[in-house]
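Encoded as structure tokens, the structure appears first; notes follow it.
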Amino acid sequence: MVDDDPTVLQVVAAILERAEYEITTALGPLQALEIIRIRGGFDLVVSDVVMPHMCGSELAQQIRLLSPLSAVMLMSGCVPAGGQFPQGVFFLGKPFSASDLLRAVDTALQGPSTRFGESSAA
């Protein structure tokens, strides 16, 4: 879990820990990349989009270079212009509930890219 806001980091990590996920936290993208370099890849990296030093999309690209098998899920209250994220990156829109988060994490760990928190009109 990566976020530059310690409160958000703590709340999201607590939700995931209660659901029995093993969590490693990083206060920002630079710390996250260092942890990945040292420990290797993770099944899933959940990250905020808007952070100092590097946005979530840039972090996702760096994670792919270091750990190509790690899934990445970005979360934000604002979607970038055009709504584009790197291919294969999951997205969860803020605000979200604990159940929204857990459903998104479960889906990200299982399958192809999905945009969470958005309606899917056919």
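Throughout, read-outs are computed from the coordinates displayed, never taken from laboratory work. What you see is a predicted model, and the numbers here were worked out from it, not measured in a lab. No Cβ is skipped: glycine too gets one built from the backbone with ideal geometry, and neighbour counts run over all protein chains shown.
Figures for the structure shown
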read-out	value
FRET efficiency estimate (nearest 0.05) - Cβ-Cβ, Leu30 to Asp106, R0 22 angstrom	0.20
Once the Cα gyration tensor of segment 37-81 is diagonalised, semi-axes √(5λ) in Å	20, 11, 9
Two-decimal log10 I(q)/I(0) for segment 1-45, as the Debye equation yields it once each C-alpha is a single scatterer, q = 0.16, 0.28, 0.29 Å⁻¹	-0.40, -1.04, -1.08
Residues whose placed amide H lies under 5 Å from that of Ser47, excluding near-sequence neighbours	Val2, Met73, Leu74, Met75
Relative exposure of Met75, Met51, judged by other C-beta atoms within 10 Å (fewest first)	Met51, Met75
